[in-house]
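Let me begin by presenting the structure, written as structure tokens, before commenting on it.
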Amino acid sequence: MRNFLVQPPQLIRACYRNFLWRMNPDEKVVYLTFDDGPVPGPTEFVLEQLKKYNAKATFFCIGDNVKKHQDIFFKIQGVGHSVGNHSFHHFNGWKTDTESYVDDVRKAGAVIDSQLFRPPYGKIKRAQSRLLLKDYKIIMWDVLSYDFDTTVTPEKCYQNVIQNVRPGSIIVFHDSEKAFPNLKEVLPRCLEFLVKNGYRMEKL
């Protein structure tokens, strides 16, 4: 796997300057993010691990999952983490017409009170983003762990993070059933690495 897949190239970032890819590079702080929850089991595991390391994070939630698991959604916020909108049905923006896509995000907004939005798959059309930027900050990433890819080993996911992390990095993990076999191996090791290397972990 090439690093440009893990860390978005400068050309892409430059084309979408109005999206947030990385935070302040002058502070030794990283921003852990978790997509696709809340899901019983994986999300609760993440909360337990974050607590052990006194870490804060941002959970980009799917509206349909929030409706199904409101208790976990409220727990995320109750213990001091932040939440973001990850759409209601996890549509691929490149394959969805603009009106349907924006409506789906706004539907999620009815159950997720946040001005942060991350496009599912990182795929969004310019027309979609123009409309959503009126109400949301669009959050992308600096480091993608690839925990969601079942062909990627836990060790590779770990290396993806520790070899590419830097001050201000926004790092993506997934609190989903699909990612859980990787996540449960990788997240504790990444948290330990970040603490040992002097990083603070904050929410967006």
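Brief remarks follow.
- Label sites at R166 and N18, each approximated as a point 7 angstrom past Cα along Cα to Cβ, lie 2.6 nm apart.
- Coupling constants for region 22-27 follow from the phi torsions by the Karplus curve (6.51 cos²θ - 1.76 cosθ + 1.60, θ = phi - 60°), and in residue order they are 7, 8, 4, x, 8, 10 Hz; glycine and proline get x.
- Listed pairs K56/K107; K68/K184; K52/K178; K56/K184; K52/K196 exceeding 20 Å between Cα atoms: K56/K107; K68/K184; K52/K178
- Computed FRET value (nearest 0.05) for K52 with Q115, which takes r as the C-beta separation and R₀ as 25 Å: 0.30
- Computed packing ranks the peptides 141-149, 10-18 as 141-149, 10-18, most packed first, by mean other Cβ atoms within 10 Å.
- H89-R126 pseudo-label distance in nm [points 7 Å out on the Cα-to-Cβ vector]: 2.7 nm
- Vicinal HN-Hα couplings computed from phi for region 120-127 (Karplus, 6.51 cos²θ - 1.76 cosθ + 1.60; Hz; Gly/Pro x): x, 6, x, 10, 8, 7, 4, 5
- Residues with amide H under 5 Å from that of L32, placed H, sequence gap 5 or more: T58, I171, E202
- For K107 and D71, the FRET efficiency from 1/(1 + (r/R0)^6), where r spans their Cβ atoms and R0 equals 22 Å, is about 0.60.
- Rounded to the nearest 20, the Cβ-based charge dipole of the chain about its Cα centre (Lys and Arg +1, Asp and Glu -1) stands at 580 debye.
- For the chain, the membrane-span-like helix rule (DSSP H, alpha carbon extent of at least 15 Å along the helix axis, mean Kyte-Doolittle at least -0.5) picks out 180-196; this says nothing about an actual membrane.
- The distance between label points at K28 and Q159 comes to 2.6 nm (points 7 Å beyond Cα on the Cα→Cβ vector).
Taken together, the values in this text are just the output of simple stated rules run on the coordinates, not laboratory data. Please read these numbers as outputs of a predicted model, since none were measured by experiment. Cβ sites come from the backbone with ideal geometry, for glycine too, and all protein chains shown count toward neighbours.
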